[in-house]
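Let me begin by presenting the structure, written as structure tokens, before commenting on it.
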Amino acid sequence: MSRVDEQREKIRSATGFIAALDQSGGSTPKALRLYGVEESAYANDEEMFGKIHEMRARIIKSPAFNGDKVMGAILFERTMDGEIDGVPTAEYLWKERSVVPFLKVDKGLADEENGVQVMKPMPDLDALLERAVAKGIFGTKMRSVI
């Protein structure tokens, strides 16, 4: 059975939950603060995203974070592009934790206009999806719809 077939079967029949490890941008400083990492611990966005990846890697490597309890995990694009112990994140999730990797693909919500809030444009979606497939991502999440 192929990796994709195994993952499809897991999502179809397994019990457990899907972990949201996909907060990005504006919510990241708050998430880090709640984890005990103050803004003084990083100087710029690149360092901030490095800190959040370190936090996510610790969560993923926890013995409690395994395919018996967690059936899937939603990743932020930069997390997908990162590694855990030298292994690409999506590959690590599946091979080491038996957790199916998903990718958050939206760019967030645009500012409200005329009483309506729509999603920001996603001009590079095709390229992002090609990268995701190449990295072993099983599916996508957009605005909490998998």
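Observations
- Against the list (1) surrounded by 15 or more Cβ atoms within 10 Å (Cβ to Cβ); (2) under 19 Å from Pro101 (Cβ atoms); (3) of a type in the set (A, V, I, L, M), the condition Ala31 fails is (2).
- Filtering the stretch 1-32 to residues that are within 23 Å of Leu109 (Cα to Cα) and of a type outside the set (Gly, Ala, Ser) leaves Ile18, Leu21, Asp22, Gln23, Thr28, Pro29, Lys30, Leu32.
- Of all residues making up the stretch 43-88, the number that are open to solvent by 60 Å² or more (accessible area, probe 1.4 Å) and more than 24 Å from Leu125 (Cα to Cα): 11
Residues checked against (1) under 17 Å from Lys95 (Cβ atoms); (2) modelled with pLDDT of 90 or more; (3) among the basic types (Lys, Arg):
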site: Gly25; (1), (2), (3): no, no, no
site: Thr28; (1), (2), (3): no, no, no
site: Tyr35; (1), (2), (3): no, no, no
site: Ala41; (1), (2), (3): no, yes, no
site: Glu47; (1), (2), (3): no, yes, no
site: Glu54; (1), (2), (3): no, yes, no
site: Ala64; (1), (2), (3): no, yes, no
site: Asp68; (1), (2), (3): yes, yes, no
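- Subset of the stretch 104-142 (residues that are aliphatic (A, V, I, L, M), modelled with pLDDT of 95 or more and under 13 Å from the mean Cα position of the chain (by Cα)): Ala132, Ile137
- Which numbered condition Arg58 misses (of (1) closer than 27 Å to Ala41 by Cβ; (2) in contact with a helix residue (DSSP H, G or I) (Cβ under 8 Å, 6 or more places away or on another chain)): (2)
- Pairs where the first residue, in the stretch 100-116, is under 30 Å from Ala90 (Cα atoms) and the second is of a type in the set (Ser, Thr, Tyr), C-beta under 7 Å, 6+ apart: Phe102/Thr140; Leu103/Thr140; Val105/Thr140
- Those residues of the stretch 100-126 which are open to solvent by less than 70 Å² (accessible area, probe 1.4 Å), assigned to a loop (DSSP other than H, G, I, E, B) and of a type outside the set (D, E, K, R), in sequence order: Val105, Gly108, Ala110, Gly115, Met122
- Restricting the first member to the stretch 127-146 and to residues that are part of a loop (DSSP other than H, G, I, E, B), and the second to residues that are at pLDDT 95 or above and open to solvent by 60 Å² or more (accessible area, probe 1.4 Å), the beta-carbon pairs closer than 6 Å and six or more apart or on different chains are Gly136/Glu91.
The values are calculated or read from the model by the stated rules, or taken from the named source; none is laboratory data. Keep in mind it's a predicted model, so treat the numbers as computed, not measured. Reconstructed Cβ throughout: ideal geometry from the backbone, glycine too, with neighbour counts over all protein chains shown. Heavy atoms of the whole protein, side chains included, go into the accessibility calculation; ligands, DNA and RNA do not. Shrake-Rupley method; radii C 1.70, N 1.55, O 1.52, S 1.80 Å.
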